[in-house]
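K.L.:
Below are the structure tokens for one structure; questions will follow.
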Amino acid sequence: MQALCTLCGSEMNIPYWMLGASCQCSRCNRVMVPSPKQHVPIPPTGYEITFSSFVHLLTHSHSRQQALQIAGAWASELEQLTSVGGPLAPASATEKALLAIHRDIQSKPGVQGNLYQFAMSLWR
């Protein structure tokens, strides 16, 4: 999807599920969290959730335990990464590790769908 660097305004293409994650702008070379250029289209599978929504599920007490249960094989690592609390520092080792797990989950349709359905049950 089309996104904009929040520091210099240059356009970039990012996958939908990366919304909310920091990345380096290829034009200004600074790390920032890009913003959608326009209305966010419905994702290709319909079950993607953004990185910021993923982190929200893992860091809020009302959703944490069930999100960890859905994550299955990643639960132990996710529990350690998100136990500190507070906002993630952009481009931190924790954010990078969470983003890698989030990317893995996006490639597993069953887990991805279950996580999406859980998120929608909370937010609809």
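The values are calculated or read from the model by the stated rules, or taken from the named source; none is laboratory data. If you're wondering where the values come from, they're calculated on a predicted model, not measured in any experiment. Methodologically, a virtual Cβ is constructed for each residue, glycine included, from the backbone with ideal geometry; neighbour enumeration extends over all protein chains shown.
K.L.:
Go through the stretch 22-47 and give me each residue that's buried (at least 17 other Cβ atoms within 10 Å of the Cβ) and either over 25 Å from residue 109 (Cβ atoms) or modelled with pLDDT of 90 or more (or both).
P.N.:
Listed by number, the residues that qualify are 22, 23, 25, 32, 33, 34.
K.L.:
Do you know which residues across the stretch 48-73 are surrounded by fewer than 20 Cβ atoms within 10 Å (Cβ to Cβ), within 17 Å of residue 106 (Cβ to Cβ) and over 11 Å from the mean Cα position of the chain (by Cα)?
P.N.:
Answer for the stretch 48-73, where residues must be surrounded by fewer than 20 Cβ atoms within 10 Å (Cβ to Cβ), within 17 Å of residue 106 (Cβ to Cβ) and over 11 Å from the mean Cα position of the chain (by Cα): 72, 73.
K.L.:
Tell me, please, whether a residue that is out of contact with any helix residue (DSSP H, G or I) (no Cβ under 8 Å at 6 or more places or on another chain) and over 23 Å from residue 6 (Cα atoms) can be found in the stretch 85-103.
P.N.:
Checked against the condition, which is being out of contact with any helix residue (DSSP H, G or I) (no Cβ under 8 Å at 6 or more places or on another chain) and over 23 Å from residue 6 (Cα atoms), the stretch 85-103 yields no hits at all.
K.L.:
Same structure again: Within the stretch 83-108, track down each residue that is closer than 16 Å to residue 72 by Cβ, assigned to a helix (DSSP H, G or I) and modelled with pLDDT under 90.
P.N.:
The one that is closer than 16 Å to residue 72 by Cβ, assigned to a helix (DSSP H, G or I) and modelled with pLDDT under 90: 106.
K.L.:
Restricted to the stretch 52-80, and to residues that are farther than 22 Å from residue 15 by Cα and among the β-branched types (Val, Ile, Thr), which residue is modelled with the highest pLDDT?
P.N.:
My answer is 70.
K.L.:
When you go through (1) within 27 Å of residue 114 (Cα to Cα); (2) free of Cβ contacts under 8 Å to residues at least 40 places away in the same chain; (3) in contact with a strand residue (DSSP E or B) (Cβ under 7 Å, 6 or more places away or on another chain); (4) of a type in the set (S, T, N, Q) one by one for residue 22, which number turns out not to apply?
P.N.:
For residue 22, the exception is condition (2).
K.L.:
Determine, yes or no, whether residue 83 is surrounded by fewer than 17 Cβ atoms within 10 Å (Cβ to Cβ) and under 22 Å from residue 12 (Cβ atoms).
P.N.:
Working: surrounded by fewer than 17 Cβ atoms within 10 Å (Cβ to Cβ): yes; under 22 Å from residue 12 (Cβ atoms): no.
Here the answer is no, as residue 83 does not meet what is asked.
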